Amino acid sequence: MKIIYPTLVEQSCQFMEQQGIKAEKAEVYKMMVRDGMLTQTGEPTKKAIKQGLVTAFNQRHANLKDFKREYSIFGNYGKDEFTQQDGIWYVSQILLDEINQNLANGKYSYDEKLQVETYFNFRNYENPHKSISETKGAFHPLYTPYDDSEFCFADGKVAIPESIVEDIIYRAGNGELDLDCEKLKQMLESAKE
């Protein structure tokens, strides 16, 4: 079984490695809990924030400028690549692809990797179908033009109505979206049967 350590432990170990210090993650975790820097569940304590070991992240930014100030890695991208849902900013699918490609090709510095990691740690891309705002944010720009009232829930997850799927196919056909619609068309056909 693989143990997943808190981000602060991972970052501390990476920093120590860069300094030529070999450290076991389990020992770093125990030390940080013992010294009052982490709770047993891995959350940074007020002491850690006060001592500057970690920054308290406010993921709700009033505007795109504030978001880009905290995540400078996104500073050069235009406003169309972003959407704000329930106060949280999300990047477009195009930008997500670029981020993943840059990570795979090792194009980010250590600090840029930390920004990317922090961005993903505070957003639910793994299973965004639990809320309308997460669904709209994670799949920007597919669902962002539609009003929340157009969505519904089925089995505790956001369900995308036929009318929205049809409109996405239409938008892609007009060149508004860079999207291969074959799977959407197949899904729509099977739903109609």
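The values are calculated or read from the model by the stated rules, or taken from the named source; none is laboratory data. Treat the numbers as computed from the prediction; the structure is a model and nothing was measured. Virtual Cβ from ideal backbone geometry, glycine too; neighbours counted across all protein chains shown. Heavy atoms of the whole protein, side chains included, go into the accessibility calculation; ligands, DNA and RNA do not. Shrake-Rupley method; radii C 1.70, N 1.55, O 1.52, S 1.80 Å.
Report the one residue of Ala159, Leu177, Ala191 whose Cα lies farthest in the direction of the positive end of the charge dipole of segment 130-193 (charges on C-beta: Lys and Arg +1, Asp and Glu -1; origin at the Cα centre).
My answer, from the dipole projection, is Ala159.
Could you give the nm distance between label points at Leu188 and Thr39, where each point is 7 Å from its Cα heading toward the beta carbon?
4.7
Can you give me the accessible area per residue for the chain, using a 1.4 Å probe, in Å²?
Result: 65 Å² per residue.
For Arg171 and Met31 in the same chain, what is the full-extension length gain: residue separation times 0.36 nm, less their Cα-Cα distance, in nm?
Numbers: separation 140, 0.36 × 140 = 50.40 nm, distance 5.41 nm.
Fully extending the segment from Arg171 to Met31 adds 45.0 nm.
Give me the number: length gained by fully extending Phe122 to Gln101, i.e. 0.36 nm times residue separation minus the C-alpha to C-alpha distance, one decimal in nm.
On the way: separation 21, 0.36 × 21 = 7.56 nm, distance 2.04 nm.
Stretched fully, the Phe122-Gln101 segment lengthens by 5.5 nm.
Is there a quick way to get the dipole size of the chain? I mean about its Cα centre, with the Cβ of Lys and Arg at +1 and of Asp and Glu at -1; what is the value in debye to the nearest 20? Don't jump to the answer; show the numbers that get you there.
Numbers: 23 positive and 31 negative charges, 234 e Å.
Dipole about the Cα centre, nearest 20: 1120 debye.
Length gain on complete extension for the stretch Glu112 to Gln51, per 0.36 nm per residue less the alpha carbon to alpha carbon distance?
Values: separation 61, 0.36 × 61 = 21.96 nm, distance 2.27 nm.
Length difference between fully extended and current span is 19.7 nm.
Find the percent of Cα-Cα distances in segment 1-115 that exceed 22 Å, and round it to a whole number.
Working: 3172 of 6555 pairs.
Every Cα pair in segment 1-115 considered, those over 22 Å come to 48 percent.
Applying a 10 Å radius around every beta-carbon, put 78-90, 117-129, 135-147 in order of their mean neighbour count, most first. Please report the intermediate quantities before stating the final value.
On the way: 78-90: 16.5, 117-129: 14.4, 135-147: 19.5.
In decreasing order of mean packing, 78-90, 117-129, 135-147 become 135-147, 78-90, 117-129.
Per the Kirkwood formula on distinct C-alpha pairs, the Rh of segment 67-106 is how many angstrom? Don't skip to the answer; put the middle values down first.
On the way: mean 1/r = 0.0921 Å⁻¹.
With all distinct Cα pairs of segment 67-106 included, I get 10.9 Å.
Taking amide H positions as placed 1.01 Å from N in the peptide plane, with prolines and chain starts having none, which residues 5 or more places from Leu38, or on another chain, fall under 5 Å of its amide H?
Sorted by chain and number, the residues that satisfy this are Val33, Thr45.
Please report, in whole Å³, the volume per residue of the convex hull around the C-alpha atoms of the chain. Walk me through the intermediate numbers first.
Values: hull volume 34.8 nm³, N = 193.
In the chain, the Cα hull volume divided by residue count equals 180 Å³.
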